[in-house]
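Rule-based calculations on the coordinates, nothing more; no lab input. Remember, it's a predicted structure, so these values are computed and weren't measured experimentally. All Cβ positions, even for glycine, are placed from backbone atoms using ideal geometry, and neighbour counts span all protein chains on display.
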Amino acid sequence: MMMRHVVSGEGWRLGWSPNADHFRGLVAGQYWAIELTAAEFQDFCRAAQKLKAEMTAMASLLMDEERITCEQETASIWVEAEGIPSRYGLRFILLAGRKGEGAWPAAAAAELTSAIARPPFSQISQI
């Protein structure tokens, strides 16, 4: 039985198919999509959550409209948050195997990172 989990919002989509042969994860923007391996997807989810925590922690250290850039990188993916701590865009670049990249504006990035924090995606990032 094929099980799929897909959530989406304005300008973003996130998917997980645990029974897929090779590409189990999906990240997408308004006009693009790319499938990720389980390891790439897990790294992406972890990095996005770490960046969200870093941006939240930096809020009290910066002036109201001061912009910041934070990055997370693994062997398979590089992820960046850029903007003010309460409103930032998110982008990634695949580093190993096939290449690909994508980005979300602040509104979509906020919804996307909130979705990653909820099941089933929150469990995937802990594997």
Query raised in the report: Excluding the sites themselves, what is the longest stretch of the chain that contains no trypsin sites (Lys or Arg not before Pro) in a DSSP loop with at most 14 other C-beta atoms within 10 Å?
Result: 5-66
Report summary line: Rounded to the nearest 10, the angle in degrees between the Cα long axis of helix 106-116 and the longest principal axis of the Cα atoms of the chain comes to 50
Report summary line: Square roots of five times the C-alpha gyration tensor eigenvalues of the stretch 38-124, ordered largest first and given in whole Å, equal 22, 15, 11
Report summary line: Rounded to a whole number, the Stokes-Einstein D of the stretch 1-84 in µm²/s (Kirkwood radius over Cα pairs; 25 °C; 0.890 mPa s) is 172
Query - Residue among ALA81, THR69, GLY100 farthest towards the positive dipole end of the chain, charges placed on Cβ - result: GLY100
Query raised in the report: Using +1 on the beta carbon of Lys and Arg, -1 on that of Asp and Glu, and nothing else charged, what's the dipole of the chain about the Cα centre, debye to 20?
Result: 420
